[in-house]
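Below: the structure, in structure tokens.
The values are calculated or read from the model by the stated rules, or taken from the named source; none is laboratory data. Please read all numbers here as calculations on a predicted model, not as lab measurements. Reconstructed Cβ throughout: ideal geometry from the backbone, glycine too, with neighbour counts over all protein chains shown. Accessible surface areas use protein heavy atoms only, side chains included; no ligands, DNA or RNA. Shrake-Rupley method; radii C 1.70, N 1.55, O 1.52, S 1.80 Å.
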Amino acid sequence: MASKAFRIFFLALLLLASPFLQVVRCQSDADVESGESVEDATDLGIVGDEQDFGDASFSPATGVDTVCVFPKNSARIVVAGEETELLAGMKNDGDSSLNVIAIKASVHYTFDHRILIQNLSVQGFNNASVQASTQATFPYFFAVSKYLQPGNFDLVGTIIYEIDQHPYQSTFFNGTIEVVEAGGFLSTESVFLVTLGAALIVLFGLWIHGQIQNLSKKTKRAPKVEVGTRASDASLDEWLEGTAYSQSSSNKSKKKK
């Protein structure tokens, strides 16, 4: 009897403790997953912007193709002063493996690509390689200057790598990005244009109102035109000349004299 009661008490204790066991198990699984992701990032060997390649330029290697993706940002909108992420993909169709050395980028004017606005950070890699007949994706984080005026600019992204200790580089992105201001829905330029448009509309309305008032005043002050009688009297005298009326008029004028 006592053993049966003990079994019932033990089962009830297990039922009460089962939620806590599940929580502990979930936490341990999450710790394992986070540990694996950290190991992957360490294996990738991102070393930040410590390397400086200056103005060095290399030719692209044969059999290496590149592509670029802005994660969750298909419009390629870049907030000035804030970090933006893009993914550079590489496909190695060559016979030898390649080692990725660094990724760099620069910002240019869209109307004149020769004018350089800003050199972005150089992100180096230690243990990033792409074996033959495989492909890989590498993250790149950059931030344009917070003082950069909002608008459209050209972004040129370059990935530098080596094959058999020979350096190469490929342009994985050469397109337009839209730079916007941080912390506001409307940019300073947009506010200025809206204010200017409203001021022009108000001035045009005032001008129309003044023209209507001037037209109404001219209508009220228009003088009445009196039709003269001198011309009609002269023509009437010519028409009555030689008649009895004209003779009587001449006789009356002689008597007055």
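Key figures
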| read-out | value |
| --- | --- |
| Condition met for Val107 (assigned to a strand (DSSP E or B), closer than 18 Å to Thr62 by Cβ and not basic (Lys, Arg)) | no |
| Region 89-98 - residue that is surrounded by fewer than 19 Cβ atoms within 10 Å (Cβ to Cβ) and of a type outside the set (D, E, K, R) and, of those, nearest to Glu181 (Cα to Cα) | Gly89 |
| Matching residues in region 132-165 - criterion: being open to solvent by 80 Å² or more (accessible area, probe 1.4 Å) and under 17 Å from Val67 (Cα atoms) | Ser133, Gln135, Thr137 |
| Per-region count, region 54-82, residues of a type in the set (Phe, Trp, Tyr) and either within 14 Å of Pro139 (Cβ to Cβ) or without any contact (Cβ under 8 Å) to a residue 60 or more places away in the chain (or both) | 1 |
| Test: residue in region 99-106 that is touching a Pro at 6+ places or on another chain (Cβ under 8 Å), open to solvent by 50 Å² or more (accessible area, probe 1.4 Å) and at pLDDT 90 or above | no |
| Residue among Val144, Val179 that alone is outside any loop (DSSP other than H, G, I, E, B), β-branched (Val, Ile, Thr) and either in contact with a strand residue (DSSP E or B) (Cβ under 7 Å, 6 or more places away or on another chain) or within 21 Å of Ile77 (Cα to Cα) (or both) | Val179 |
| Number of positions in region 69-88 that are more than 20 Å from Leu148 (Cα to Cα), part of a strand (DSSP E or B) and open to solvent by 30 Å² or more (accessible area, probe 1.4 Å) | 2 |
